[in-house]
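The values are calculated or read from the model by the stated rules, or taken from the named source; none is laboratory data. None of the values given here were measured: they were computed from a predicted structure. Cβ atoms come from the backbone with ideal geometry, glycine included; neighbour counts cover every protein chain shown.
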């Protein structure tokens, strides 16, 4: 695979945020930039935005609703749901 050098300017705040992200991920600034690029570009190309607050609100609403339903209808599974969800996260959303 041929790679190309691409340079661009960022504000001091954006660089600090990128560096913080890189440190949390245990990677270089360049690798962090590539991760952000690969995640964000498909959304930009499709003219989509990603409202994190809205997504979290929807997830919490779904979680609370499902908790209520499971607790009422299947109390024997209520304690197992968290373990099942954790297993599914590890299988389907693990870092690769």
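Brief remarks follow.
- Residue within the stretch 6-13 that is touching a helix residue (DSSP H, G or I) at 6+ places or on another chain (Cβ under 8 Å) and surrounded by 10 or more Cβ atoms within 10 Å (Cβ to Cβ) present: yes
- Scan the stretch 56-96 for residues that are at pLDDT 90 or above and under 16 Å from the mean Cα position of the chain (by Cα) and the total you get is 5.
- Scan of the stretch 49-96 for residues that are in contact with a helix residue (DSSP H, G or I) (Cβ under 8 Å, 6 or more places away or on another chain) and either in a loop (DSSP other than H, G, I, E, B) or surrounded by fewer than 10 Cβ atoms within 10 Å (Cβ to Cβ) (or both), ordered by number: 49, 50, 77, 78
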